[in-house]
Amino acid sequence: MNKSLKKQKITSYLRSISIGVLLVLFVFVLFSSKIFIKIKSGEIGVLFDLIDGTHPETYKEGLNIISPLNEMFIYDLRTQNIEIEQQVLSHDGLSIRVKSNVLFRPLRNQIFDLHQKLGPNYPNTFVIPASQSLIRKLIADLTPEEIFLMDKGIMENVLISKFKRELASKYIDMEHFYISSIQLPDTISHAIEAKFRDEELIYQYDFKLIIEEKERKRKIIEAEGIKQFQLISNISPLQWKALDVTEKISKSPNSKIIMMGNSSKDLPILLNNDTKK
């Protein structure tokens, strides 16, 4: 009887141990994702302790073991690119569709401050709204012609520098901000293109006028020179040109030149004497 009772106690004890082990294994499996934290390359972790709060020390890449009661927040330190598309109004009341891109990354040495001020969802809660606000300010201060040039890649504005400083104050480094496309209403876009074409034609016409004016002045100077030559040499320009041509032809080995004239005012007469005949 005593042996049977002792055996029952042992069996009950083993059953309790088995249940305890199973419970431990169940809890371990259930909370393993909260216990074993893998931080990938280019990432950094910030630990929130249920008792002590957020730890100022950060966690580097690799496998980290924490209490299942705590929580690890992981931040990507690499450059992130967010494309933002929005509909904005110009100061003329035009509805304009703008696509922009902002390239940014969190400042590694200030992850603790970033986590406490903005949290891991900072791209959606701060970067995107701030970028949208920047676009609205940019477009509101520009004329349709300036917006058209912005779409062609011409954009310099102090608001960009101000935006960079604004992100830096929130522990975010903005590497680049650019507008990828601007869609103006078709009628406005065509009108601006036609205006720029007309301005280009006017510029070309003005340039031709400048060239023609310089050519006119050159001819006047040339005529004045010919007039002075005729007064000094008492030889008409036509005679001088004929003598010049005659000299060039006389140097040709294939012809003989006979020059005849009644007086000094007459032009030379050029005869080609073919010796073969």
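Every read-out reported here was derived from the displayed coordinates using simple, explicitly stated rules and does not represent laboratory data. In this text the structure is predicted, and so the values were computed from the model without any measurement. A quick note on method: Cβ atoms are made from the backbone with ideal geometry, for glycine too, and the neighbour counts reach across all protein chains shown.
Local charge for LEU47 was computed over the other residues whose Cβ lies under 9 Å away, with Lys and Arg +1 and Asp and Glu -1, and equals -3.
Distance check, please: which entries in LYS40/LYS162; LYS117/LYS137; LYS137/LYS170 exceed 22 angstrom between their Cα atoms? Violating the 22 Å Cα-Cα cut-off are LYS40/LYS162; LYS117/LYS137. Rounded to the nearest 20, the Cβ-based charge dipole of segment 36-78 about its Cα centre (Lys and Arg +1, Asp and Glu -1) stands at 220 debye.
In this calculation the C-beta distance from PHE26 to ILE74 is compared with R0 = 30 Å, giving a FRET efficiency of 0.70.
Shape class of segment 7-90 from the alpha-carbon gyration tensor: prolate, with a/c at 1.5 or above and a/b greater than b/c.
For segment 82-184, the residue among ALA168, GLN110, PHE126 whose Cα projects farthest onto the positive side of the dipole built from Cβ charges is GLN110.
For chymotrypsin sites (Phe, Trp or Tyr not before Pro), the sites in segment 28-107 that DSSP calls loop and that have at most 15 other Cβ atoms within 10 Å are PHE31. When you filter the GluC sites (Glu not before Pro) in segment 53-94 for DSSP loop state and at most 14 other Cβ atoms inside 10 Å of their Cβ, you are left with GLU61.
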